[in-house]
Amino acid sequence: MDSDPRELETIPVDQISGWVADRYPKGMSLYSWWGVLESLETMAIPFYGLSPTERGAVLARAAAVVDPGVKVRDITPAERAYWLLRFASIVRDYLPPPVGVPDILTPDRAVEWALARLPLSRQATLAEIRRRQDDDDANAPAPGEGKYPLRGDSPYSDLTDTERVLAALPTVSPHLKDSRLREEAELWLAVLKGR
């Protein structure tokens, strides 16, 4: 069946999973998923001219769109975490705040969900960063030649997923209410800084 992934922006939220399964039984490309999610992210910022209620509906749709991607393994749980953190930052950063946003897009829930889905522990992340640095020093590619793909065959795909989530973490971590969660986020951000 010939479909355009951008249709995900308009179909009813409760039909998203079925729509993806029917139209993309073998999965959708990562670029298609990211294109849809970036489009929804852009629509959710106030400069697009939507009311707070309409922006809340866009963010609810965006949160719902990520789920089928994880279920069919087109999107890793860490990539879902990255997007949830980005959407949660929109909820916090723009006024007036959107209305009717799902609980998963509050800072505490988004960060809690994201940290629980990181593919590496803090110790393993530091070890992988050191290993990648040592490997890069020993086998530096020629300028313009990428050494590892962004996913899949890369020996560092778990590290890439972990770093992607950690890069989005500072956008919401200052807004955490749970002190235990804030402390854990700060420990992870220290890993990102190499400490």
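The values are calculated or read from the model by the stated rules, or taken from the named source; none is laboratory data. All of these numbers come straight from a predicted model, not from anything done at the bench. We place every Cβ from the backbone using ideal geometry, glycine too, and count neighbours over all the protein chains shown. To get the accessible areas, we keep the full protein, side chains included, count just its heavy atoms, and leave off ligands, DNA and RNA. Shrake-Rupley method; radii C 1.70, N 1.55, O 1.52, S 1.80 Å.
Of all residues in region 101-130, those being without any contact (Cβ under 8 Å) to a residue 40 or more places away in the chain, more than 27 Å from GLY56 (Cα to Cα) and either of a type in the set (Asp, Glu) or assigned to a helix (DSSP H, G or I) (or both) number 5.
Do you know which residues across region 15-39 are in contact (Cβ under 8 Å) with a residue 40 or more places away in the chain and not aromatic (Phe, Trp, Tyr)? Within region 15-39, ILE16, SER17, VAL20, ALA21, GLY27, MET28, SER29, LEU30, LEU37 meet the criteria.
Residues in region 91-108 that are surrounded by fewer than 22 Cβ atoms within 10 Å (Cβ to Cβ) and either among the β-branched types (Val, Ile, Thr) or under 14 Å from the mean Cα position of the chain (by Cα) (or both): how many? Reasoning before the result, please.
Of the residues in region 91-108, the ones surrounded by fewer than 22 Cβ atoms within 10 Å (Cβ to Cβ) are 91-97, 99-100, 102-104, 106, 108.
Remaining after also requiring either among the β-branched types (Val, Ile, Thr) or under 14 Å from the mean Cα position of the chain (by Cα) (or both): 91, 99, 104, 106.
Count: 4.
Here ARG61 passes the criteria (1) part of a helix (DSSP H, G or I); (2) surrounded by fewer than 20 Cβ atoms within 10 Å (Cβ to Cβ) except the one numbered (2).
Scan region 42-52 and tell me whether some residue there is buried (at least 18 other Cβ atoms within 10 Å of the Cβ), at pLDDT 80 or above and either part of a loop (DSSP other than H, G, I, E, B) or of a type in the set (A, V, I, L, M) (or both). Yes: region 42-52 contains one or more residues that are buried (at least 18 other Cβ atoms within 10 Å of the Cβ), at pLDDT 80 or above and either part of a loop (DSSP other than H, G, I, E, B) or of a type in the set (A, V, I, L, M) (or both). The set of residues in region 19-33 being more than 15 Å from THR76 (Cβ to Cβ) and open to solvent by less than 40 Å² (accessible area, probe 1.4 Å) consists of TRP19, VAL20, TYR24, SER32.
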